[in-house]
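The values are calculated or read from the model by the stated rules, or taken from the named source; none is laboratory data. Remember, it's a predicted structure, so these values are computed and weren't measured experimentally. Quick reminder, even Gly has a Cβ in these numbers, built from the backbone with ideal geometry, and neighbours come from all protein chains shown.
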Protein chains: 2
Amino acid sequence: MPSSAIREAFESVPSPAVLREIVPIVRDEVNRSAAVRCSTCSMRNVCTPPGLTAEELSRVDSIVCTTRTVRRGDTLFRSGDLFQYLYAVRAGSFKTVIVHSDGREQVTGFQITGETLGLDGIYTGRHNGDVVALEDSVVCVISFLQLETVCREIHTMQHHVHRLMSGEIVRESRLMMLLGTMRADQRVAAFLLNLSQRFKALGYSSAEFHLRMTRREIGCYLGMKLETVSRTLSRFQRDRLLDAQGKQIRILDPEGLAACV
Amino acid sequence: MPSSAIREAFESVPSPAVLREIVPIVRDEVNRSAAVRCSTCSMRNVCTPPGLTAEELSRVDSIVCTTRTVRRGDTLFRSGDLFQYLYAVRAGSFKTVIVHSDGREQVTGFQITGETLGLDGIYTGRHNGDVVALEDSVVCVISFLQLETVCREIHTMQHHVHRLMSGEIVRESRLMMLLGTMRADQRVAAFLLNLSQRFKALGYSSAEFHLRMTRREIGCYLGMKLETVSRTLSRFQRDRLLDAQGKQIRILDPEGLAACV
DNA sequence: CGTCGCATTGAAACTTGTCAAACATTGTGG
DNA sequence: CCACAATGTTTGACAAGTTTCAATGCGACG
């Protein structure tokens, strides 16, 4: 949609349907900031394959349109929004959630720095779920159309994107195994150990971290009620596997936790 | 791995590890048959985007190496196998299953004619789960390396592959909602309606079909025990929602089933 | 300082799993 | 072609795990 169309749309009072189309686009337009450089980004290694030439890197730079800031509780995009961009979390964290018409919700993932958002939109051209910031966060905005172009030019980049998508498929199938076969304590243990690993990979402590999500959101991700999450954490604490002060988690016995799973 | 390497490997007794590498490759080599033509395949519309020129179609033909027949109960590939090929189900049906080291199993999908297998392997270069034929089946074998090449040449083919992967991501996240939020009867109803739709899309009856999988496999897919699957089907039958004679299913009241979900 | 959302904990209710037995179906070898 | 074995299915009774409902405490924020 060209910006002239956006202007026209606002000359009369836009319908909710039209607003739904335009708002995410406008958000991205107005937030467009000075050129974002992948070539100097510390997260470069997660967005691009290793071994790109300087020339190739600057080609990649050219397709990262902008960064966007999303405040805690706000959505990056919602189910039904037109798909145009992929997003890379630069700072902060998000949840992806699918809402059924009857109000049931399922959190399908939590994304932290260096992880990808928006791949669900390619299939139909519209996003399949909502993405909500768990804290004030920043994402890089990548035009998917331009990404496809770059992938036709640079083999390694093409394969990198394919790996990214396949990784999402593998991640989801692991979560399906968790939801399908594990009991409550196993699920919580697996969840904490997975987070722990991801924090470690970012250079943070694997033993102590701050949960950005509520017990309800954890439960919604693990397929159980918030009370069960709370009880399980209390039990782990009683068993000296961890120390939980609200959202602050300290893992005391990672092997013991791993033995649960 | 060139075929000379395969020959060498067999001059002495190969180790289990070496066999594990070679067997799937050999299987694909020996089954190589006369050229398979996508251009004349009735399933063409699922494997290729619409609107390819004759020239482009013949380019696509060139990368479908062969078809392969898999007997009921045999595996197409297994977790840990080297990833080289994607597969399109030409006839028959499969289950994809992840086996945890402690023996827990999760069926992550059932694939019927026109559906894709193997996307999980791109991530690490090795397959992440087992694929087992539920009946004697035939797949088209597609070299992924060559597919990537074609995708760099033909925009629409590139986008088609991206849609395929994204569709898998969306499918899995729907299954996660099922596993995370639904009760047994809702899961079974959703499962039957989903199968029904897919059969319908293939031109078969949406009301009456033959399940290729056992109650145990259905349970393993839906995150419940086979007894619960059986009881749920019996209840549906008592409520005149469907008629189940073993694996033969006749849906009597699709709206009633949909109301369960 | 009160309110609101979040977290914890207990008791009862419900759903699903477990174990066991009987029956049905399929496939195989005599 | 039949008999038998193996596998798959159905059903019941009981146990276990999780949810539901309810009460209470905690901490952030206006």
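Per the listing A:Ser230, A:Ser205, A:Ser196, A:Ser234, the residue uniquely within 16 Å of DNA strand C (Cβ to nearest atom), under 23 Å from A:Glu135 (Cβ atoms) and away from chain B (no Cβ under 14 Å) is A:Ser230. Looking across segment B:74-87, the residues that are over 14 Å from the mean Cα position of the chain (by Cα) and either at positive phi or crowded, with 18+ Cβ neighbours inside 10 Å (or both) come down to B:Gly80, B:Asp81, B:Phe83, B:Gln84. The set of residues from segment A:126-170 being among the hydroxyl-bearing types (Ser, Thr, Tyr) and crowded, with 21+ Cβ neighbours inside 10 Å comprises A:Ser137, A:Ser166.
Report whether or not B:Met176 is modelled with pLDDT of 95 or more, more than 8 Å from chain A (Cβ to nearest Cβ) and assigned to a helix (DSSP H, G or I). So B:Met176 does not fit the description; no. For segment B:239-260, residues that are more than 8 Å from DNA strand D (Cβ to nearest atom) and either surrounded by fewer than 19 Cβ atoms within 10 Å (Cβ to Cβ) or part of a helix (DSSP H, G or I) (or both) total 14.
Quick grid of which residues meet (1) free of Cβ contacts under 8 Å to residues at least 60 places away in the same chain; (2) more than 26 Å from A:Gly223 (Cα to Cα):
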| site | (1), (2) |
| --- | --- |
| A:Ile63 | no, yes |
| A:Thr75 | yes, no |
| A:Tyr85 | yes, yes |
| A:Phe94 | yes, no |
| A:Arg104 | yes, no |
| A:Gly114 | no, no |
| A:Leu117 | yes, no |
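Restricting attention to segment B:190-213, the residues being free of Cβ contacts under 8 Å to residues at least 24 places away in the same chain and under 23 Å from B:Val97 (Cβ atoms) number 2. Of the listed requirements (1) assigned to a strand (DSSP E or B); (2) more than 8 Å from every other protein chain (Cβ to nearest Cβ); (3) out of contact with any Phe, Trp or Tyr (no Cβ under 7 Å at 6 or more places or on another chain), B:Gln111 misses just one: (3). When A:Gln106, A:Gln146 are checked against the criterion of being more than 9 Å from chain B (Cβ to nearest Cβ), of a type outside the set (Phe, Trp, Tyr) and more than 18 Å from A:Asp74 (Cβ to Cβ), a single residue qualifies: A:Gln146. Of the residues B:Ile169, B:Ile218, which is within 14 Å of another protein chain (Cβ to nearest Cβ) and either under 30 Å from A:Arg152 (Cβ atoms) or among the hydroxyl-bearing types (Ser, Thr, Tyr) (or both)? Going through B:Ile169, B:Ile218 in turn, the sole match is B:Ile169.
Each residue in segment B:122-143 was checked for being within 7 Å of chain A (Cβ to nearest Cβ) and either touching a Phe, Trp or Tyr at 6+ places or on another chain (Cβ under 7 Å) or assigned to a strand (DSSP E or B) (or both), and 1 pass.
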